[in-house]
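Below is one structure, written out as structure tokens; comments come after it.
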Amino acid sequence: MLNSKIRLQDMKKIFLLTAAIATLGLASCSIDDVENISGLSTEGFPASEEDAIATLAGVYENLNATHANPQCSYLYMACLASDDQYGGGGTNDKLMQALDLICNYGNDMTNVFWGQRYEGINRANTLIQALPNAKISDDLKNQFLGETLFLRAYYYYELASMYGNVPLLTVPSGDLVTQGDVKVLWGQILQDLRDAVKMMPATRKTDGHVDKFTAEAMLGRAWLFYTGFYGNGTSISDLASTTYSPLSSVELPDGSTLTKQDVINAIDDCVNNSGYSLVPDFRNLWAYTNRLTVEDNPYTKGQGLKWVEDDVNNGPNTNPESMFAIKFNKWASWSTTIGYGNGIALHFGVRDATYENHFPFGQGWGAGPVAPNLVNDWKAAEPDDMRRDATIQDWTDKSSYEGNYKYGGGDDFVQETDFYEKKWSPILAKKSDGSFWCTFECAMYPGTWDQSGASGEENFQLNNIHDLVLIRFAEVLLMQSELKEDTEGINKVRARAGLNPITGYSLQALQNERRWELACEGIRWNDIRRWHIASVVLAKQENQPVYYCGKPATNDPHNGGYTSRYSATAGFQKMPESQVSLGSVVQNDGWGDASGEYTGW
């Protein structure tokens, strides 16, 4: 909850504030429809700073809500659908494979995410409408309003990236709202972010709240996607084309114009004045360098590494690169708070319950096996890039981990490769007797874990609580180079990786640097779409070597192949059938017949 800079001992307070939402009467939406996105009378509300903080906590809490069903979320889809990762999972995990193949499996495959994000948007709309009446200082009103606008924009960014033209709601409403002009939808996203930048003070927040500089970073990300992806027009053929012609200005709903120079100014301000910075050693960004694991891990042993988020005696986090992240806690349970555990980490864990086979990486569902084409491209372009081994575990390199990795995950693993992502993985820790904690967090944060009936203190499905970082300062530096078409930001990122500077800017160099630096962080999918290279690079996944249930195979094309499915859909998911039935949306192109339905490997 909130972002990665909040301290562990503060989580109880935030948890209680989130729980207080129910007593404030905040309406939520049904997962099954949009008609239940209903309003709350804002007369005399919020009456105090405490009311405003509690309601704002409810808007943030929506970030955690999706972790109860992470496989339905945009972030999960963005990893699996990109050219750098496959679907994975077992033979029954057809949803994972369908996301990779730009296909659908089952009824309302991602409808739960639709409902959750609109719940967050409705909470944001309620607070935006209510804040002018709050009996709090103007400074606090502006800060809270800026945070809420940021979150509404972020939630719409994910929905619009995943489904395309979704209904736009900017006030609490119980009416059925239908699709409008997609240009207005994206204009509102950009306008919310621009206004959030204007409203919040130029102060880096260290209390877990979004700040002005994070809004500037998100403005850059949203600008680059919209102006690139929609540069040719709004039809599927325009969006799926191979012509890259980005817009230089966007008309906003309030009648003003946002220009490329406006966005450059915002990103320059973030780089120059935010106080965020690169962590000196790239490896220290990731939980496998935590103090309880680092010296038992062959890859990290004896190198003086220390995870920037090591929490000693519940001290504050010290990650200067994390700008926006989801925080988790020890209250994850099987009842109403599953999302307080890091569901992405669980899903991206190793599909094998024998910890000694794959230490330090923990158990999970095997989502997102790294595609061999990423490894091959990376080695060819940057053979000496230390980020490759810091990001990807090569199971054939037995000097880099402890154990003897077993292919097949118990003879039930689809699209498995020799490569596994390290950044978001569950991480094990050793006990004094040589056995294993199911996650290092069990040892780092000892004491009672609320698992609502789960036996014992350990549960690998609920005990991953390390941060999921959504925006890093490194991305801001790369956005700066892309927008200004210079090498300054690129070379700062390369220097951190121990690589020589590049001497002249090119779009290809920028694309490569973003691919390597941000690999397996859910960024690549929208990058290849906005650069209009998706139909070409996705095809490189086909016929790559994989394992099926532990036996060598190839990643065969399904449903016509990646390029065919992308050309038909431009990468948009199938609209949930429940929403189509209500009449709020029409079904997206490419989903009208069996060509988009995945039936199994």
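Some observations on this one:
- Of all residues making up region 339-352, the number that are open to solvent by less than 10 Å² (accessible area, probe 1.4 Å), part of a helix (DSSP H, G or I) and not small (Gly, Ala, Ser): 1
- Of all positions in region 299-314, none carries a residue that is in a helix (DSSP H, G or I) and surrounded by fewer than 18 Cβ atoms within 10 Å (Cβ to Cβ).
- When each of 559, 526 is tested for being in contact (Cβ under 8 Å) with a residue 60 or more places away in the chain, assigned to a loop (DSSP other than H, G, I, E, B) and either buried (at least 20 other Cβ atoms within 10 Å of the Cβ) or over 22 Å from the mean Cα position of the chain (by Cα) (or both), the lone residue that passes is 559.
- Inspection of region 573-582 identifies no residue that is assigned to a loop (DSSP other than H, G, I, E, B), open to solvent by 20 Å² or more (accessible area, probe 1.4 Å), of a type in the set (A, V, I, L, M) and closer than 20 Å to residue 234 by Cα.
- One residue stands out in region 592-601 among those that are touching a strand residue (DSSP E or B) at 6+ places or on another chain (Cβ under 7 Å) and not in a loop (DSSP other than H, G, I, E, B): the one that is nearest to residue 564 (Cα to Cα), namely 596.
- Residue 68, sole failed condition from (1) open to solvent by less than 40 Å² (accessible area, probe 1.4 Å); (2) aliphatic (A, V, I, L, M); (3) at pLDDT 50 or above: (1)
- All positions within region 535-554 that are part of a helix (DSSP H, G or I), hydrophobic (A, V, I, L, M, F, W, C) and more than 18 Å from residue 370 (Cβ to Cβ): 536
- Evaluation of residue 391 against (1) crowded, with 21+ Cβ neighbours inside 10 Å; (2) closer than 18 Å to residue 96 by Cβ (one fails), failing number: (2)
- Here residue 554 fits the description: farther than 30 Å from residue 283 by Cβ and touching a Pro at 6+ places or on another chain (Cβ under 8 Å).
- Looking at 128, 102, 136, 121, just one residue is under 27 Å from residue 204 (Cα atoms), assigned to a loop (DSSP other than H, G, I, E, B) and among the aliphatic types (A, V, I, L, M), and that residue is 136.
- Considering the conditions (1) assigned to a helix (DSSP H, G or I); (2) open to solvent by 50 Å² or more (accessible area, probe 1.4 Å), residue 201 is excluded by exactly one of them, (1).
- Of all positions in region 218-237, none carries a residue that is exposed (fewer than 14 other Cβ atoms within 10 Å of the Cβ), among the basic types (Lys, Arg) and assigned to a helix (DSSP H, G or I).
- Which numbered condition residue 289 misses (of (1) under 25 Å from residue 423 (Cα atoms); (2) open to solvent by less than 30 Å² (accessible area, probe 1.4 Å); (3) touching a residue at least 60 places away in the same chain (Cβ under 8 Å)): (3)
- Meets criteria (open to solvent by less than 50 Å² (accessible area, probe 1.4 Å), of a type in the set (A, V, I, L, M, F, W, C), over 29 Å from residue 233 (Cα atoms) and out of contact with any Gly (no Cβ under 6 Å at 6 or more places or on another chain)) for residue 497: yes
- The one condition in (1) within 22 Å of the chain's Cα centre (by Cα); (2) small (Gly, Ala, Ser); (3) closer than 24 Å to residue 215 by Cα that residue 339 fails to fulfil: (3)
- Among the candidates 177, 171, 210, the residue that is more than 28 Å from residue 507 (Cα to Cα), open to solvent by less than 10 Å² (accessible area, probe 1.4 Å), in a loop (DSSP other than H, G, I, E, B) and of a type outside the set (Asp, Glu) is uniquely 210.
- Test: residue in region 383-390 that is at pLDDT 95 or above and over 25 Å from the mean Cα position of the chain (by Cα): yes
- Boolean, residue 109 is more than 30 Å from residue 142 (Cα to Cα) and either in a helix (DSSP H, G or I) or open to solvent by less than 10 Å² (accessible area, probe 1.4 Å) (or both): no
- Residue within region 475-492 that is among the hydroxyl-bearing types (Ser, Thr, Tyr) and within 30 Å of residue 155 (Cα to Cα) present: yes
A quick yes/no check of all residues on (1) without any contact (Cβ under 8 Å) to a residue 12 or more places away in the chain; (2) over 18 Å from residue 218 (Cα atoms); (3) touching a helix residue (DSSP H, G or I) at 6+ places or on another chain (Cβ under 8 Å); (4) surrounded by fewer than 17 Cβ atoms within 10 Å (Cβ to Cβ):
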site	(1), (2), (3), (4)
239	no, yes, yes, no
242	no, yes, yes, yes
254	no, yes, yes, yes
259	yes, no, no, yes
269	no, no, yes, yes
274	no, no, yes, no
280	no, yes, yes, yes
283	no, yes, yes, no
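- Scoring residue 546 on the criteria (1) open to solvent by less than 20 Å² (accessible area, probe 1.4 Å); (2) under 25 Å from the mean Cα position of the chain (by Cα) leaves a single failure, condition (2).
- Residues within region 353-376 that are open to solvent by 50 Å² or more (accessible area, probe 1.4 Å), closer than 14 Å to residue 544 by Cβ and in contact (Cβ under 8 Å) with a residue 24 or more places away in the chain, tallied: 0
- Leading residue by the ranking (nearest to residue 442 (Cα to Cα)) among those in region 356-393 that are part of a loop (DSSP other than H, G, I, E, B) and among the hydrophobic types (A, V, I, L, M, F, W, C): 365
- Inter-residue pairs, beta-carbon under 6 Å, first in a helix (DSSP H, G or I) and in region 141-157, second of a type in the set (Asp, Glu), 6+ apart: 149/192; 149/195; 152/192; 153/192
- Residue 589 open to solvent by 60 Å² or more (accessible area, probe 1.4 Å), touching a residue at least 24 places away in the same chain (Cβ under 8 Å) and part of a loop (DSSP other than H, G, I, E, B): yes
The values are calculated or read from the model by the stated rules, or taken from the named source; none is laboratory data. For clarity, every value in this text was computed on a predicted model and none was experimentally measured. A quick note on method: Cβ atoms are made from the backbone with ideal geometry, for glycine too, and the neighbour counts reach across all protein chains shown. Accessible surface areas use protein heavy atoms only, side chains included; no ligands, DNA or RNA. Shrake-Rupley method; radii C 1.70, N 1.55, O 1.52, S 1.80 Å.
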